[in-house]
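Remarks on the structure that follows.
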Amino acid sequence: MSGIYIHIPFCKQACHYCDFHFSTNMKYKEDMVAALCEEIRLRKNEYIKTTVETIYFGGGTPSVLELPQINQIIDAVCQHYQVAENPEITLEANPDDLTTEKLAQLNDSPVNRLSIGVQSFFEEDLKLMNRAHNAQEALACIVQAQTYFDNISIDLIYGIPDMTADRWRENIYKAIELKIPHISSYALTV
Ligand code: SF4
């Protein structure tokens, strides 16, 4: 079994703590997608004896891609690799990108799992980290996403300055209350 990770190096704005590779300049998004598809083609022989069971779009913020761009990349993988019949295809998404329209589009695409960068349900934490979404969007996007997707994971960050154990617990309780099947929690690393 193999999994392919595809890094989408674009973000709407820079979170203060982030050291991932990304740009807030979207000018080269189309070129980047074309380059990724070319790299997928060039590296096809590396996976000749294995079946791809998972495709993971990480970032950066893959949800800034338009649906045709997401499909173009998935098509490139399917064209050049041996892909399982029902691969798990995850898209990392930020709450501010998950409009009803975007969710409906994703629901019609081969993407079947969302990993949502919630990070915290508290406004003060989101502001401190310079996230592009607010607490209301964090909550609303999950409720909306659940009308389309069963397989959802959310990211939550702990160790934020001034975050008490009670506030962290409330974040976890909120995720459990929302019946999120998978939670990824990370310590804040500047
Ligand atoms: S959205 Fe993710 S990748 Fe982009 S700046 Fe924020 S933490 Fe970094």
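Every read-out reported here was derived from the displayed coordinates using simple, explicitly stated rules and does not represent laboratory data. Treat the numbers as computed from the prediction; the structure is a model and nothing was measured. So basically every Cβ, Gly included, is an ideal-geometry build from the backbone, and we count neighbours across all protein chains shown.
Once each part is reduced to its C-alpha centroid, what is the distance from the range 1-54 to the range 92-133 in angstrom?
A separation of 19 Å, based on Cα centres.
Please turn the phi angles of the range 68-79 into ³J(HN,Hα) values with the Karplus equation 6.51 cos²θ - 1.76 cosθ + 1.60 (θ = phi - 60°), one per residue in order, whole Hz, x for glycine and proline.
In residue order, the calculated couplings are x, 5, 4, 5, 4, 5, 4, 4, 5, 5, 5, 6 Hz.
Please give the net charge around residue 134, taking every other residue with its beta carbon less than 12 angstrom from that of residue 134, where Lys and Arg add +1 and Asp and Glu add -1.
So the environment of residue 134 carries a net charge of -3.
Counting other Cβ atoms within 10 Å, keep those with at most 11, restrict to DSSP loop, and tell me which trypsin sites (Lys or Arg not before Pro) in the range 87-154 are left.
none
If you take every residue apart from residue 86 with its C-beta less than 13 Å away from the C-beta of residue 86, what net charge results, scoring Lys and Arg +1 and Asp and Glu -1?
Taking every Cβ under 13 Å from that of residue 86, the sum is -2.
Scan the range 47-122 for GluC sites (Glu not before Pro) in coil per DSSP, keeping those whose Cβ has at most 12 other Cβ atoms within 10 Å, and list them by number.
For GluC sites (Glu not before Pro) across the range 47-122 that sit outside H, G, I, E and B with at most 12 neighbouring Cβ atoms in 10 Å, the list is empty.
Would any residue of the range 8-47 have its amide N under 16 Å from a label point 7 Å out along Cα→Cβ of residue 82? List them or say none.
44-47
On full extension of the chain, what length is gained from residue 1 through residue 162, given 0.36 nm per residue of separation minus the C-alpha to C-alpha distance?
53.7 nm
In the P(r) worked out for the range 2-187, what percent of Cα pairs fall beyond 31 Å?
Considering the range 2-187, 18 percent of its Cα-Cα pairs are separated by more than 31 Å.
Under a 10 Å cutoff between Cα atoms, tell me which one of 124, 30, 177 has the largest fluctuation in the Gaussian network model of the chain.
Highest fluctuation among the options: 177.
For residue 156, enumerate residues with amide H under 5 Å from its amide H, sequence gap 5+ or separate chain, H modeled in the peptide plane.
Amide H neighbours of residue 156, under 5 Å, 5+ apart: 119, 184, 185, 186.
I need 21, 80 ordered by Cβ neighbour count within 10 Å, fewest first.
Neighbour counts put them in this order, fewest first: 21, 80.
For the residues 120, 115, what sequence is obtained by ranking on other C-beta atoms within 10 Å, fewest first?
So the ranking, lowest neighbour count to highest, is 115, 120.
Go ahead and run the numbers for FRET between residue 177 and residue 75, Cβ-Cβ distance against an R0 of 41 Å, rounding to 0.05.
0.60
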